[in-house]
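Read through the structure below, which is laid out as structure tokens, and then see the notes.
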Amino acid sequence: MEILQVLSRWIHIVSGIMWIGLLYYYNFVHMGFAPTMDPETAKKVVPELVPRSLYWFRWGALWTWVSGVLLLLIVFYHGGLMFDQEHSWSMGSIVMIAVSFLGVFVYDSLFRIVKSVRAASVIGFILILAAIFAFINVGNFEYRAYVIHTGVLFGTIMAFNVWFRIWPSQQKVVSAIKEGKAPDQTLLAHVGMRSRHNTYLSIPLIWLMINSHHAGTPPQEHWLYLPIFILAGWVAVYLLYQKVPRVKGF
């Protein structure tokens, strides 16, 4: 079991570097470079570059998620780190584990139904607050458990976006460019939005992964610190996006 944990953690970190590194490449490098290409250049570059990068991107995402779930099983479920001494497994805890994995469908529906991105984002943040509160008060998760299950929620949304929203749409975009056609602007906007969502989730997710192993555990009544750090991560991503147009080629 110890060997399996070490190997899973190793795979998780390496594949995560692959995935998130390419996510940042797309959002902070490629996004600034792509508009500078004329149609003829795009026709040559995009069909060769994008499928290669998307290959490593999507498989990095899958292996990060799979190894993360395996670590969750080993460290938290098998390792007994879910509850304090006063609580144990209950229907509430099982329901909240389901929420952490199935909440992705609430997210996906939210951004399909609510047309205003700002309104959907505000609603999404309120739902995150509700989920964290429920992890503690319905699932009775202890500190490390509710932190990592918030991370599970974020990571599952990100992996879902890669495989079921970004990759299928990018295939159509690349095919259109290869044929010398203008890509569907709706598809481009959809890919851009889901990729930005993943970028905004990534920095808080990394903090959640690190903080779930922190020795100092704040009292449960201080749970609101968690959304504050999530917001801080979102501000950091916003500032990075502001820098993108100011970085120029030679």
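The values are calculated or read from the model by the stated rules, or taken from the named source; none is laboratory data. Because the structure is a prediction, the values reported are computed rather than measured. Because the Cβ atoms are built from the backbone with ideal geometry, glycine has one as well, and the counts that use them run over all protein chains shown. Keep in mind that these areas ignore ligands, DNA and RNA; they rest on the heavy atoms of the full protein, side chains included. Shrake-Rupley method; radii C 1.70, N 1.55, O 1.52, S 1.80 Å.
Worth a mention:
- Annotation: per residue accessible area for region 121-250 equals 50 Å², rounded to a whole number [probe 1.4 Å, protein chains only].
- Folded to 0 to 90 degrees: helix 143-160 orientation relative to the chain principal axis, Cα: 30 degrees
- Portion, in percent, of the accessible area of region 139-250 that falls on carbon or sulfur, probe 1.4 Å: 67 percent
- Candidates V46, V162, V114, ranked by Gaussian network fluctuation over the chain, Cα under 10 Å, top entry: V114
- Cα-based helix-to-principal-axis angle, 39-71 vs the chain, degrees rounded to 10: 10 degrees
- Correct option for volume of the Cα convex hull per residue in Å³ [calculated from the coordinates] among (i) 165; (ii) 136; (iii) 127: (ii)
- Dipole check for region 141-250: with +1 at the C-beta of Lys and Arg, -1 at the C-beta of Asp and Glu, and the Cα centre as origin, the magnitude is about 560 Debye.
- Working from Cα pairs under 8 Å separated by at least six residues, relative contact order for the chain is 26 percent.
- Rolling a 1.4 Å probe over the protein chains gives W59 an accessible area of about 100 Å².
- When the chain is treated as a Gaussian network with alpha carbon springs shorter than 10 Å, the biggest mean-square fluctuation among S109, S93, S53 belongs to S109.
- Extending 7 Å from the Cα toward the beta-carbon at both I17 and V114 defines two label points whose distance is 3.7 nm.
- GNM result for the chain, Cα springs below 10 Å: residue of A120, A182, A236 fluctuating most strongly: A182
- Point-to-point label distance, K172-I123, nm (Cα→Cβ direction, 7 Å offset): 2.3 nm
- Segment V95..A134, full-extension length gain: 13.1 nm, with 0.36 nm per residue of separation and the alpha-carbon distance subtracted.
- Estimated FRET transfer efficiency (M37, A236; beta-carbon r; R0 30 Å; 0.05): 0.55
- Helix 91-113 vs. the chain, principal-axis angle (Cα, 0 to 90°, nearest 10): 20 degrees
- Only protein atoms count toward the accessible area here, which uses a 1.4 Å probe; on region 1-137, the carbon and sulfur part of that area reaches 73 percent.
- Relative to the current alpha-carbon distance between Y25 and V66, full extension at 0.36 nm per residue lengthens the span by 12.5 nm.
- The share of C-alpha pairs in region 114-250 whose separation exceeds 17 Å stands at 67 percent.
- The listed peptides 191-197, 243-249, 97-103, ordered by packing as a protection proxy, come out as 191-197, 97-103, 243-249 (highest mean of other Cβ atoms within 10 Å first).
- Set of region 32-69 residues, backbone N closer than 15 Å to the point 7 Å along the Cα-Cβ line of R196: 32
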